[in-house]
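Each reported figure results from applying straightforward, stated rules to the coordinates on display, with no laboratory input. As the structure is a computational prediction, the values presented were derived from the model and not from experiment. Cβ: placed from backbone, ideal geometry, glycine included. Neighbour counts: every protein chain shown.
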Amino acid sequence: MVRHEQTLQRVHGIDDIGTALAERGLDLALLLRRMRAVGPESDATGEIADPPPWRPDDVPALNMNLVPTRYGGSPALQSLVAQVRLMTCLGEADASLALALPGPGLAMPPVVALASSEQQARFFQRFQSGTPRWGAFAITEPDCGSDATAMRTTARKTARGWVLNGTKCFITNGARADCVITFATINRQMGRYGIRAFLVDCNTPGFTVSRIERMAGLRATQLAVLSYADCEVPDNALLARGDEKPLDDAFSGAQRSWDYFRPLLSAVMVGTCRRVRADLSAWLDVGGAPANSRQHVAGVEATLLDIDRQIAAAWLLCHRTAWKTDRGIATSMDSSMTKAFASRVAARVTRAAMDIAGIDGIATYPSLEQAYRDARAFDIMEGTGDLQRLMIARAAQRSALRPWDITELTSCDASPPDPSPDIASARQSGQETPHDA
Ligand SMILES: Cc1cc2nc3c(=O)[nH]c(=O)nc-3n(C[C@H](O)[C@H](O)[C@H](O)COP(=O)(O)OP(=O)(O)OC[C@H]3O[C@@H](n4cnc5c(N)ncnc54)[C@H](O)[C@@H]3O)c2cc1C
């Protein structure tokens, strides 16, 4: 285990992140160890194990991860590159638990992009707590996932505020969240321009968690079905920047979330693949034989080399996208490329590992089989692989720049980003997302 921790520090260069978290009371190495230990139980039950992988002392730092500096977040964790590194480590420990850790999660980018300063302060204040707090982001509905602009959840204006009616599904941490950023339409005829975002407190009358899905992978994320039945929220629940320059529409806030989280989720999968590779090597080291007796040693070695090449490429893509984001360069297409590629890598690596390890290897390292299921779920979340490829193809047709064109990188300031960049200040890309398709 000590060797594992040394490897983490050497490979990921996360010393500074670990130090920043330690200053806030969180022991990252211990958290990673505990996530590994309780991961199988969480995978079996779909619950965060009891006791959870975090200690009470870790909770404040976990809650405040992804919170901007001006609301108390750690300066060392503001860049997307830092978050990519952190998520790689967490994914290596357990992908499902990495996504189930407390904090604002997917709700952060739309709040930063769409909410007024007063609303942001109110939202992030919740996370200054010694009790675990979760945020959630609700856009998908039973009849529209890829085409989110066709949503049916309505928001009707009343004298006192807004009344929401509808159903959201597959909402990550939806059953444990304190508040959910909920997207609803004020007029379906207006398409994406009719969409608004609301901060819904989970104890609001009319809001219920109707079901938690039984998942094949990423089980601890507890994807929830949320119902809004005449759910009345106050006027100031509508995210609006007031006198500050507003975004074109609330749907752009959802796009921010996808652009920001695709490289992060991809980093989780890179971590998962690294774990698979390490477990596979460990199993082969103790004399595990390839499941298929026709597979020669040279064939296995070639597969391992291919796995390493794929993981390295996905890791570089995550970093490149994060690096660009931190410098305010539009990254919608990069984010999609990262997720589409990482998703294929995760599917290929986990499948190859199962083929090599076979029943014996999986019995020794059940994480190999869990990683295969987690990779399947990863391909669907934040826009399916099909939709990412569709969006990349459309963007490539429109753009004169090719993805490998480095003009935009060489022409921008190559110095490190401000330690606490405002994510909302990242240039609005205006590019189409898969969810637009
Ligand atoms: C682990 C996980 C976590 C999630 N977390 C959240 C969350 O926190 N908040 C949230 O709002 N949602 C969340 N989702 C939902 C997710 O965003 C949707 O499942 C996803 O967008 C796909 O939508 P759908 O399930 O309705 O599938 P559909 O859109 O019905 O797609 C079904 C199939 O058709 C394909 N397809 C659809 N349209 C096209 C097209 N135009 N061209 C080619 N192929 C197409 C898709 O690739 C897919 O294979 C999560 C999902 C998962 C699995």
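Quick look at the values:
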quantity	calculated
Selection from Met215, Gly135, Ala237 lying farthest towards where the dipole of region 135-237 points positive, charges on Cβ	Met215
Formal net charge of residues neighbouring Met215 (Cβ-Cβ distance under 11 Å; K, R +1; D, E -1)	+1
Check: the chain dipole with +1 on Lys, Arg Cβ and -1 on Asp, Glu Cβ, in debye	560 debye
Given 11 as the ceiling on other Cβ atoms within 10 Å, longest exposed-site-free region of the chain for trypsin sites (Lys or Arg not before Pro) in DSSP loops	1-159
Ile329, Ile48 arranged by Cβ crowding within 10 Å, fewest neighbours leading	Ile329, Ile48
Gain in span if fully extended, Thr69 to Arg348, counting 0.36 nm per residue against the direct Cα distance	96.6 nm
Net charge of Cβ neighbours under 10 Å - reference Asp201; Lys, Arg +1; Asp, Glu -1	0
Placed amide H near Gly103: partners under 5 Å, 5+ positions off or other chain	Arg133, Trp134, Gly135
Whole-number D in µm²/s for the chain (Stokes-Einstein; Kirkwood sum over Cα pairs; 4 °C, 1.567 mPa s)	58 µm²/s
Spatially near lysine pairs across the chain, Cα under 25 Å, sequence gap of 8 or more or different chains	5
Karplus-derived HN-Hα couplings along region 308-321 (A = 6.51, B = -1.76, C = 1.60, θ = phi - 60°), whole Hz, x at Gly and Pro	4, 5, 5, 5, 4, 5, 5, 4, 5, 5, 4, 5, 5, 5
